[in-house]
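Structure, as structure tokens:
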Amino acid sequence: MAKKINKIKGKSKADSKIESSLNLDFSNMKVVDLRALAKKNRITGISKMKKADIISVLYKINSEGKNKKGKKSSNKTKNIKKVLDKKGKDEGGLYKSIILLKTKIKDPKWYNNKNDIQFLIDKIEKLFLKEKQIKNKDHLKTENEKAKLSLKSKEKIEFENILFKYRKIKRNHFKDLEAQKKLNGEHKKEIIEEIKKLIGSDKSINVIYKKFKSLQEKWHKTGPALRIDNNNLWETYKHHVERFYDFLHINRELRDIDYKHNYEEKIKIIEQAEKLAKISDIHKASRELNNLHRLWKSELGPVFPKERESLWKRFQAASKLIHNKRQDFQKNITQNYSLNLDAKNNILNQLKSLTKPIPSTHKDWQKKIKTFNDLREEFKKIGPVIKDQSKSSWNNFRKIGRDFNYNKNQFYKDQKKTLRENINNYSKLINEISSILEKKDWKDYIQRVKNMQLEYKDLGFIPKNQAKKLNKEFYDKMNLYFKRLKSGYEKLNAKEENIYNNKFNKIKELNKIKVDKKTLVESIKKEWDIILSIGKLDENNENKILNYFLKESIKIIKDSNIEKENLDETNFIIELYCLETNIDNLKIKIEKYKKTLDTLNNQINQLENNIEFFSQSSTDSPMLKEVTKKLKLLSEKSKVLNERIKKLKSLEKKLLKPKNENTKNKMVKSEK
């Protein structure tokens with residue numbers, strides 16, 4: 001039994017004041033107001049209590065106050081926390097449930113929570129029944145006690161009032177829903193009548209068709225009618241739509257376009273349904289199939305009459321497969337759930353094994369990532385499992401995913417550090433070969449250079465773009481080193497560097513010399529002789545000086561206002577004179593001219609072949625004239641090149657003659 005709750009009571013006026021305060025509707029009051037009311041009525045110990053418990057205490061004190069009216073009460077107060085025993089706690093649960101029920105019924109979206117509301121109603125009724133059974137167990141001595149027991153408690157009265165209001169709200173809701181459906185039925189009848197009016201109309205076929213399409217859209221937007229009328233309205237609408245399309249024989253092309261569109265869309269729907277029959281997740285397949293049926297029925301019009309039956313049969317066949325699979329699934333639902341769980345556990349084990357051992361290379365990680373993504377998608381496609389196991393299965397799946405991603409991210413973080421180290425190692429080797437090339441004793445490092453090549457190949461992975469750039473830089477310097485070894489290159493000493501600088505500075509001053517047309521060639525030749533007299537360098541640097549001199553001499557010849565037709569020939573004369581002292585460059589020049597001559601001869605042959613296609617009657621053709629002109633120009637260039645090659649070859653023989661004579665003399669001496 002619950003302990004009695006003591007309140008501080010004063011005189012009869014104070015008692016009436018407390019009683020009037022406690023006759024309020026507590027469920028609509030805020031927690032702050034409830035606590036203020038309790039304090040005002042000298043009730044203590046409610047500071048840490050919840051709203052439902054405070055209301056429960058106020059109702060209990062109110063009922064006790066009414067029962068004990070006129071009797072003397074104690075002036076001592078007790079802590080309210082000790083008020084509720086087991087029975088009191090049950091009453092607290094009852095009050096909480098009633099308040100929660102009242103809140104949910106007042107919610108404008110009560111229909112969405114109707115299952116929760118019904119659950120609360122059942123729960124409260126069970127609590128009242130349990131309370132009644134407990135009271136009936138006690139032996140009642142007098143009829144007066146029986147009469148008191150038969151009286152309804154305040155909680156029971158309030159619950160019945162809430163229940164009455166809820167039933168009224170439900171009745172009104174379904175009454176409004178019925179009225180709306182009835183109104184929808186009237187709208188649909190009006191749409192059918194409008195479609196009937198379009199059949200046989202004298203207006204333009206385009207106007208009629210647009211009006212029909214707007215009516216179709218209006219039909220689809222209108223909600224469902226009463227169940228008794230809904231199917232009949234749909235059949236009537238479908239019948240008149242088909243009549244309308246038959247009426248469109250006036251403009252068959254427009255009808256056929258719509259038929260074709262509907263046919264193509266229905267084929268797509270059938271193909272989707274056939275694909276759904278193959279997927280393992282029967283729940284997903286069923287949901288998607290319902291959507292496809294809605295599209296077929298509501299949003300697409302008729303097709304060609306000869307195709308209607310075959311299309312519908314094909315769609316029905318695909319639908320039947322899914323329905324059969326669903327029925328089989330429902331028969332063996334426990335077994336199917338168990339099989340799905342086994343399949344998911346199998347995939348989870350495969351996912352776990354991906355990082356055992358953890359991959360150590362980028363290539364291995366990419367393979368594992370691809371496998372992980374494939375398995376993850378496969379896991380998602382598996383159907384539902386037993387409800388108790390579903391949460392743990394998904395938790396394991398997410399945990400394995402987090403662990404996999406952590407290991408992957410950790411690897412690529414370390415990979416970035418390794419990449420930076422590898423790039424630094426590549427750069428060190430490049431800097432080392434660069435410094436060797438700058439040294440005077442570079443020849444002494446041949447073994448180190450060979451070792452560097454081996455070290456370079458053994459360095460770790462770096463990104464392709466950076467590898468390409470670094471490889472080019474490294475191997476260019478390596479090739480330069482071995483080219484120097486092969487050609488007998490020597491780094492310029494102080495004397496040679498002085499000769500090189502003097503020659504270079506002399507060429508820079510060429511533009512300062514004053515020449516006229518008559519003395520131009522002789523003046524430039526004289527300058528070249530002066531440059532040669534400065535001193536001799538190695539072959540590589542001599543070639544640099546020669547090319548620089550020829551480049552500057554061309555500028556001088558251009559600036560001398562010499563005739564254009566003589567410009568090229570003058571440059572060749574200077575070039576020929578300069579090559580007299582450099583047989584290697586002379587040979588290179590001969591080969592260059594030979595290649596140019598071959599190209600010209602090919603062009604000349606091509607043009608001569610083209611001329612053969614022109615008839616005698618086309619001698620005045622502008623195209624023939626242009627081809628003839630071009631042929632003549634190329635022939636002149638070819639002639640000039642031939643002459644230059646002859647001159648260059650003649651010079652080559654002249655330069656080689658002393659060498660050949662020296663060789664013969666040496667051979668004669670050796671024979672003697």
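The values are calculated or read from the model by the stated rules, or taken from the named source; none is laboratory data. Everything numeric here is computed off the predicted structure, so don't read it as measured data. Counting neighbours? That spans all protein chains shown, and the Cβs are built from the backbone with ideal geometry, glycine included.
Against the test of being of a type outside the set (Phe, Trp, Tyr), assigned to a helix (DSSP H, G or I) and under 30 Å from Ile358 (Cβ atoms), the options Asp444, Asp414 yield a single qualifying residue, Asp414. For segment 274-297, residues that are within 19 Å of His261 (Cβ to Cβ) and crowded, with 16+ Cβ neighbours inside 10 Å total 2.
Could you say whether any residue in segment 486-499 is outside the structural domain of Ile557 (by TED's automatic domain parsing), under 30 Å from Glu421 (Cβ atoms) and without any contact (Cβ under 8 Å) to a residue 60 or more places away in the chain? No, segment 486-499 contains no residue that is outside the structural domain of Ile557 (by TED's automatic domain parsing), under 30 Å from Glu421 (Cβ atoms) and without any contact (Cβ under 8 Å) to a residue 60 or more places away in the chain. Scanning segment 583-611 for residues being over 24 Å from Lys649 (Cα atoms) and either within 58 Å of the chain's Cα centre (by Cα) or of a type in the set (Ser, Thr, Tyr) (or both) gives a total of 4.
To keep it simple, each residue is scored yes or no on (1) at pLDDT below 80; (2) assigned by TED's automatic domain parsing to the domain that holds Leu276; (3) closer than 15 Å to Ile400 by Cα.
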{"position": "Phe315", "(1), (2), (3)": "no, yes, no"}
{"position": "Ile347", "(1), (2), (3)": "no, no, yes"}
{"position": "Gln366", "(1), (2), (3)": "no, no, no"}
{"position": "Phe372", "(1), (2), (3)": "no, no, yes"}
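Checked against (1) at pLDDT below 60; (2) in contact with a Gly (Cβ under 7 Å, 6 or more places away or on another chain); (3) of a type outside the set (Phe, Trp, Tyr), Asp53 passes all but a single condition, namely (1).
Sort through Asn571, Asn601, Asn585, Asn610 and tell me the only one that's surrounded by 13 or more Cβ atoms within 10 Å (Cβ to Cβ), touching a Cys at 6+ places or on another chain (Cβ under 9 Å) and closer than 28 Å to Ser635 by Cα.
Working: Asn571 fails: touching a Cys at 6+ places or on another chain (Cβ under 9 Å); Asn601 fails: touching a Cys at 6+ places or on another chain (Cβ under 9 Å); Asn610 fails: touching a Cys at 6+ places or on another chain (Cβ under 9 Å).
The conditions single out Asn585.
Apart from one condition, Leu550 fits all of (1) surrounded by 12 or more Cβ atoms within 10 Å (Cβ to Cβ); (2) closer than 21 Å to Ser434 by Cβ; the exception is (2).
Select, from Leu634, Leu624, Leu648, Leu597, the only residue that is in contact with a Phe, Trp or Tyr (Cβ under 8 Å, 6 or more places away or on another chain), over 30 Å from Ile530 (Cβ atoms), assigned to a helix (DSSP H, G or I) and in the same structural domain as Trp528 (by TED's automatic domain parsing). Explain how you work it out, then say what you get.
Details: Leu634 fails: in contact with a Phe, Trp or Tyr (Cβ under 8 Å, 6 or more places away or on another chain); Leu648 fails: over 30 Å from Ile530 (Cβ atoms); Leu597 fails: in contact with a Phe, Trp or Tyr (Cβ under 8 Å, 6 or more places away or on another chain).
One residue alone meets the criteria, Leu624.
Filtering segment 386-414 down to residues that are out of contact with any Leu (no Cβ under 8 Å at 6 or more places or on another chain) and of a type in the set (A, V, I, L, M, F, W, C), which residue is farthest from Ile347 (Cα to Cα)?
Residues of segment 386-414 that are out of contact with any Leu (no Cβ under 8 Å at 6 or more places or on another chain), as a first pass: 387-388, 390-392, 394-395, 398-399, 402-403, 405-414.
Those still in the list that are of a type in the set (A, V, I, L, M, F, W, C) too: 394, 411.
Values: Trp394: 12, Phe411: 24 Å.
This residue is Phe411.
Only one of the numbered conditions (1) over 30 Å from Ser338 (Cβ atoms); (2) assigned to a helix (DSSP H, G or I); (3) in contact (Cβ under 8 Å) with a residue 40 or more places away in the chain is violated by Phe461, and that is (2). Is segment 253-261 home to any residue that is exposed (fewer than 11 other Cβ atoms within 10 Å of the Cβ) and either of a type in the set (Phe, Trp, Tyr) or assigned to a helix (DSSP H, G or I) (or both)? Within segment 253-261 (the criterion being exposed (fewer than 11 other Cβ atoms within 10 Å of the Cβ) and either of a type in the set (Phe, Trp, Tyr) or assigned to a helix (DSSP H, G or I) (or both)), the answer is yes, since at least one residue qualifies. Beta carbons closer than 8 Å, at least 6 apart along the sequence or on distinct chains, pair a first residue in segment 353-367 that is outside any loop (DSSP other than H, G, I, E, B) with a second that is among the basic types (Lys, Arg) and surrounded by 12 or more Cβ atoms within 10 Å (Cβ to Cβ) for Trp365/Lys408.
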